[in-house]
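Student: Here it is, the structure in full.
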Amino acid sequence: MSIERSRITDAAVAIFLWVVSSAILLLVVSLLFNILWHGLPHVSWSFLVDTPQEAGRSGGIGPILVSSVLILTVCVAFAVPLGVGTAAFLTEYCKFSQRTNRGIQGSLDILSGVPSIVFGLFGNIFFCKILGLGFSILSGGLTLACMVLPVIVRTSEMSLRGVSPEIRQAIESLGLSKSGALFHILLPIAVPGITAGVILSVGRSLAEAAALIFTSGYVDRMPSSLSDSGRALAIHIYDLSMNVPGGDKNAYASAVVLIALLLAMSTLTRILVRITFQRTRIC
Amino acid sequence: MLSELVSPEVGPKIAPDPMRIPPADLSIPCAIDIKELRLFYDGRQAVNCSGLRVEKGSVMALVGPSGCGKSSILSCINRMSDLVPNCRVEGQILIDKIDVLDKKTNVKSLRKRVGMVFQRPNPFPKSIRENLALPLREHGIRNRAMIEEKIERALRDVGLWNEVYVRLDSPAMLLSGGQQQRLCIARAIVLEPEIILLDEPCSALDPISASVVEEFIVGLKGRYTIVVVTHNLAQARRIADSVSVCWVENDCGCLVESGDVNQIFSKPLCKITQSYIQGLRG
């Protein structure tokens, strides 16, 4: 009797999980299909390199791609060293009590949940006005760096803490220096976890619009330097679909490019990590 | 030449007397001299070791049931006990007249002189070569040729050279369990320590790998002073020159008897040792 009952429960749970996961998959697939269906026919080489015309209705997204990549580069260049450094400091150097540690982790979690528009307003006041950087790629990138910093710190911290106690024992018993152990053993072990955090952050940054409207601006010309204003891809999509009548077709095409960029970047990073660490560890 | 022959280090070996009943023979050169060691976890005394001397170049086995403080005593010798939160150690551990437990002792150079190998093999997830080169570089050896030479010598000492010399740059994680453990021993001896601490080095290995590791521990006898913690009495009998028996009394681990391996196994002086050796208790 009870065996029969547990079999029914098992089947019910299995069906429920199937339905839930299929629903999610269907949602994602239909979204992707919709974007590809409307956007793919308009994507061409000239679309990728040309400057936008008639407020983006025609022409391409060349300058916008350049601005996006520059903003992303600034963001990664600041956020990764700062984030990984903070994580290394928190896990390896400072000996806070468990309570303080939990406090720091909690506040980082809250910070990573703060809406991006808030970061945008903060960046506008701090980077554009107080530091006098104005509406620029630099301000935008730095604001994004602030936004993704908590994610990078948390993921790096977790992967450093995840290093097995046996390895830590070996490090201690050999009398290795803290910095030597960090750079030669702990960080290499933690790299896959850190990479996951960075990919997540890059994805979020590339798709970010709200934090950039008030910091990097939305001029769609080719930026001449990092202190020049530039329009990010996500802002371009937002502008075309909300403010420019007849911009839908190019908005879809830009969305296709954005998704392709995200996919390419995460795949490339994973391959790079695998090649670099294949020789020394079993992935 | 003559002075070497009569120097106490290479002179005839005299078995150290048991600790408890007649006092230790102080004329024997000893590498480690533990006096009145007391160890506390969260303020509660966990280990009480009144005295323990390990002869230079010998293998001493620390045996006893689980939780009797063998590993705790071992971890005090190279101050690994520092890593345990809320752990306090009192007493004296002398290595070459230097008190290991003194706050001013340089832990980094202490651990270079006192190597340690753990229960489970723990090679770094790097190449075989890097596993040995990293500690050498960290301790200031930069000369490439010298590093290569030391790596080869350490790997030969643990009998791993012939098995791995063609693939020194392949991941250490791809070695078998026994090979990994021998690599860990090589990593400890590549720094040329005087003392090696082995914390149940064979307990996570299959019998064949264990016997290979055991064989090489015996091979290191004479060149290093070795302290090995083991549950395996037969193993202690095979590899050790002297044996110390730990026991739990009133919830506190303590040393009940130490002495020459033959004496402990054939004529133990203490009742507890007697029944433990015979497998009646423990």
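We did not get these values from a lab; they are worked out from the coordinates using the rules stated. Quick caveat: nothing in here was measured; it's all calculated off a predicted structure. Neighbour counts are summed over all protein chains in view; Cβ atoms, including those assigned to glycine, are modelled from backbone coordinates with ideal geometry.
Student: How far apart, in nm, are the 7 Å Cα→Cβ label points at A:Val114 and B:Arg237?
Tutor: It works out to 7.0 nm between the two label points.
Student: A further question follows. Looking at segment A:86-143, which trypsin sites (Lys or Arg not before Pro) are in a loop (DSSP not H, G, I, E or B) and have at most 12 other Cβ atoms within 10 Å? Please report the intermediate quantities before stating the final value.
Tutor: Details: sites: A:Lys95, A:Arg99, A:Arg102, A:Lys129; in loops: A:Lys95.
Those satisfying the criteria are A:Lys95.
Student: Please grab the % of Cα pairs in segment A:2-42 that end up more than 14 Å from each other.
Tutor: Numbers: 523 of 820 pairs.
Taking all Cα-Cα pairs of segment A:2-42, the fraction more than 14 Å apart is 64 percent.
Student: In µm²/s, what is D for segment A:67-224 at 10 °C and 1.306 mPa s, where D = kT/(6 pi eta Rh) by Stokes-Einstein and Rh is the Kirkwood radius from Cα pairs? Let's see the in-between values first.
Tutor: Working: Rh = 16.7 Å.
Approximately 95 µm²/s, per Stokes-Einstein.
Student: Computed over the Cα atoms of the protein assembly as shown, what is the ratio Rg over Rh, Rh following Kirkwood? Working shown, then result.
Tutor: On the way: Rg = 32.2 Å, Rh = 28.5 Å.
For the protein assembly as shown, the value is 1.13.
Student: Classify chain A: rounded, prolate or oblate, from the alpha-carbon gyration tensor (a ≥ b ≥ c, eigenvalue square roots; a/c under 1.5 rounded; otherwise prolate if a/b is larger than b/c)? Walk me through the intermediate numbers first.
Tutor: Working: a/c = 2.00, a/b = 1.25, b/c = 1.59.
The shape class here is oblate.
Student: For the residues A:Ser254, A:Ser116, A:Ser58, what sequence is obtained by ranking on other C-beta atoms within 10 Å, fewest first? It would help to have the intermediate numbers written out before the result.
Tutor: Numbers: A:Ser254 30, A:Ser116 20, A:Ser58 14.
Ranking A:Ser254, A:Ser116, A:Ser58 by Cβ neighbours within 10 Å, fewest first, gives A:Ser58, A:Ser116, A:Ser254.
Student: At a Cα cut-off below 29 Å, give the lysines reachable from B:Lys97, other chains included and same-chain residues fewer than 8 away excluded.
Tutor: A:Lys178, B:Lys13, B:Lys35, B:Lys56, B:Lys70, B:Lys108, B:Lys112, B:Lys150, B:Lys221
Student: What is the gain in length, in nm to one decimal, between A:Leu48 and A:Cys94 on full extension, counting 0.36 nm per residue of separation less the C-alpha to C-alpha distance? Please report the intermediate quantities before stating the final value.
Tutor: Working: separation 46, 0.36 × 46 = 16.56 nm, distance 4.80 nm.
Result: 11.8 nm gained on full extension.
Student: Here's something else I'd like to know. May I ask you to list the aspartates and glutamates whose Cα is less than 17 Å away from that of B:Lys267, ignoring any residue fewer than eight positions away on the same chain?
Tutor: B:Asp17, B:Asp241, B:Glu257
Student: May I ask you to list the trypsin sites (Lys or Arg not before Pro) in segment B:216-271 that are in a DSSP loop and have at most 11 other Cβ atoms within 10 Å of their Cβ?
Tutor: Details: sites: B:Lys221, B:Arg223, B:Arg237, B:Arg238, B:Lys271; in loops: B:Arg223.
Of the trypsin sites (Lys or Arg not before Pro), not one in the loops of segment B:216-271 has a Cβ with at most 11 other Cβ atoms within 10 Å.
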